[in-house]
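*Asks:* Got a structure for you, questions after.
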Amino acid sequence: MHMKTRTNVSIDKELLESAKSQNIVISTLLEKAIKDELKKKAEEDWVEENKANLNRYNQRITEDGVFSDELRTF
């Protein structure tokens, strides 16, 4: 179980009222948005960290093809 903590967040009053009127749980939505953003950032960081290797791999495939080129029938 994850420990929860309180925090203060400032958002537009009308937006908050609209969300509450639609039974949107702000804390749940915020947690999901943060998790999604962290995942996106981690993926972007991985691509950046591996950009040189990905480029080398793509260049090799362009020049030499893939190992199964002769085996494929499609």
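The values are calculated or read from the model by the stated rules, or taken from the named source; none is laboratory data. None of the values given here were measured: they were computed from a predicted structure. For neighbour counting, all protein chains shown are included, and Cβ atoms are generated from backbone atoms with ideal geometry for every residue, glycine included. Please note that ligands, DNA and RNA were not included when accessible areas were found on the heavy atoms of the full protein model with its side chains. Shrake-Rupley method; radii C 1.70, N 1.55, O 1.52, S 1.80 Å.
So that you can scan it fast, the table gives a plain yes or no per residue for (1) among the small types (Gly, Ala, Ser); (2) open to solvent by less than 100 Å² (accessible area, probe 1.4 Å); (3) within 16 Å of the chain's Cα centre (by Cα):
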site	(1), (2), (3)
GLU31	no, yes, yes
LYS39	no, no, yes
GLU48	no, no, yes
LEU54	no, yes, no
ASN58	no, yes, no
ILE61	no, yes, no
VAL66	no, yes, no
LEU71	no, no, no
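Residues checked against (1) assigned to a helix (DSSP H, G or I); (2) free of Cβ contacts under 8 Å to residues at least 40 places away in the same chain; (3) β-branched (Val, Ile, Thr):
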| site | (1), (2), (3) |
| --- | --- |
| THR5 | no, yes, yes |
| ILE24 | no, yes, yes |
| ASN55 | yes, yes, no |
| ARG60 | yes, yes, no |
| ARG72 | no, yes, no |
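*Asks:* Is it true that some residue in the range 7-19 is within 23 Å of the chain's Cα centre (by Cα) and open to solvent by 100 Å² or more (accessible area, probe 1.4 Å)?
*Replies:* No; the residues of the range 7-19 include none that is within 23 Å of the chain's Cα centre (by Cα) and open to solvent by 100 Å² or more (accessible area, probe 1.4 Å).
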